[in-house]
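Only one structure is covered here, and it is reproduced in the block below.
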Amino acid sequence: MADATQSPPAVLVREVPAAGGFLVGIATLNVEKALNSLTLDMIRALDAAIIRWAADPKIACVVLDGAGSRAFCAGADVRSLRSAILAHQGPGPIPQAAAFFGEEYRLDYRIHTYPKPIMVWGSGIVMGGGLGLLVGASHRVVTETSRIAMPEINIGLFPDVGGSWFLPRMPGRVGLFLGLTAAPLNGSDALAVGLGDYFLRSSDRDAVMEGLASIAWTDSGAANRIALSKMLRHFAARATDAKPESNVRKHEDTIARMTDGDTLAEVVATIAAYDGDDAWLRGAATALAGGSPTTFALIWELWQRAKRMSLAEVFQVELIVALQCCEHPDFVEGVRARLVDKDNQAQWTPPTLDRMTEAWVAEHFAAPWEAWRGRPHPLADLSA
């Protein structure tokens, strides 16, 4: 007999019968009270499921969603990660950090390169690690409740999970603006910047899930992608009047002007100087004013470097930078100020951008493998 007091699994994995004897694999992030924030165990459960489904000829399509209506995924459980960093003793990378970021990025890369259609229901909050799960999927659904952001400036990290790949590929310098300001995106914004494919009503979630069972699936991944797209377009056609105004499109000229600088200091100063009446732009300027100068410098450096990198190379470099962030002070301090003590009074190192040095930034790109006795890069096997 099952223990009635046992906690439900953090990831619910199930296979739903569909037409033609095929199955739809559904993985639901199931930590609603924590806004479905990712832990290492959840990452491992997700990865194991999609690996198994990729090899199963009966699985025609994969779906990732989140329990409840408030969030698909609010990002990583960075408070637990901070605790592991503080408890770590001795030289070398923190094992928990290496495992978390390495396995998270491997999962994200797997989603980007998956042979079968993957639909992500990106309704509610989609931030940080949640965006990493969404952005690589073949079918990315957003709704009128979607609130998407990369808020790493607040915690001294950087827009990772492939952010160095997808931010520079947004129109103009919109991605640079979003990284530096953590400005939230709605569903219409997601379509505008290439983070979403279909805008649906959140109330159609059950109907979409039911519709998956009636699609005429085949054993062709390409044909199944087309069939899934056709169904989602049907739902999207009746959701057009629910679309909010896109802040990105509304302010594209202002964003272009704010980010049209030759140096990081110039761009940051221009954004911070905004004194207009628009609430979205004011919020962006305010967030930037309180953000980590080191994060700004990392965003700027990755913006330059990643344009010439493959997706695999981006994840490989991001892992180095993420582990170095764990060994430098701003990440621990940012999580403390934002999520532990919640005083929002982070003491950044260095405290201002004008005290940033090239050597400090370079430290964040130095691979720590020597401390691991010559081990190869954990993501070296990712194909270019």
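The values are calculated or read from the model by the stated rules, or taken from the named source; none is laboratory data. As the structure is a prediction and not an experimental result, all values here were calculated from the model. Note that each Cβ is placed from the backbone with ideal geometry, even for glycine, and that neighbours are counted across all protein chains shown. Just the protein is used for accessible areas: all its heavy atoms, side chains included, with ligands, DNA and RNA removed. Shrake-Rupley method; radii C 1.70, N 1.55, O 1.52, S 1.80 Å.
Summary of computed values
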{"quantity": "Check on R338, under 23 Å from the mean Cα position of the chain (by Cα), modelled with pLDDT of 95 or more and among the basic types (K, R)", "calculated": "yes"}
{"quantity": "Qualifying positions in the range 269-292 - within 11 Å of L180 (Cβ to Cβ) and either at pLDDT below 95 or open to solvent by less than 20 Å² (accessible area, probe 1.4 Å) (or both)", "calculated": "I271, A284, A285, L288, G291, S292"}
{"quantity": "First in the range 295-319 and open to solvent by 10 Å² or more (accessible area, probe 1.4 Å) and modelled with pLDDT under 95, second anywhere and in a helix (DSSP H, G or I) and hydroxyl-bearing (S, T, Y), Cβ under 7 Å, 6 or more apart", "calculated": "none"}
{"quantity": "Candidates E327, E333 - the one that is at pLDDT 95 or above, surrounded by 14 or more Cβ atoms within 10 Å (Cβ to Cβ) and of a type in the set (D, E)", "calculated": "E333"}
{"quantity": "Conditions (1) under 27 Å from K243 (Cα atoms); (2) assigned to a loop (DSSP other than H, G, I, E, B); (3) in contact with a Lys or Arg (Cβ under 9 Å, 6 or more places away or on another chain); number of the one not met by K116", "calculated": "(1)"}
{"quantity": "Hits in the range 75-90 - residues which are part of a loop (DSSP other than H, G, I, E, B) and open to solvent by 30 Å² or more (accessible area, probe 1.4 Å)", "calculated": "D77, H88, Q89, G90"}
{"quantity": "Criterion: farther than 26 Å from I299 by Cα and surrounded by fewer than 15 Cβ atoms within 10 Å (Cβ to Cβ) - qualifying residue of A242, A237", "calculated": "A237"}
{"quantity": "Residue that is nearest to the chain's Cα centre (by Cα) [pool: residues in the range 91-112 that are modelled with pLDDT under 95 and open to solvent by 50 Å² or more (accessible area, probe 1.4 Å)]", "calculated": "Q96"}
{"quantity": "Residue list for the range 350-384, filter: open to solvent by less than 40 Å² (accessible area, probe 1.4 Å) and either part of a loop (DSSP other than H, G, I, E, B) or at pLDDT 90 or above (or both)", "calculated": "P350, M356, V361, H364, F365, P368, H377, L379, L382"}
{"quantity": "From the options L180, L191, L200, L195, residue that is more than 19 Å from S123 (Cβ to Cβ) and touching a residue at least 24 places away in the same chain (Cβ under 8 Å)", "calculated": "L180"}
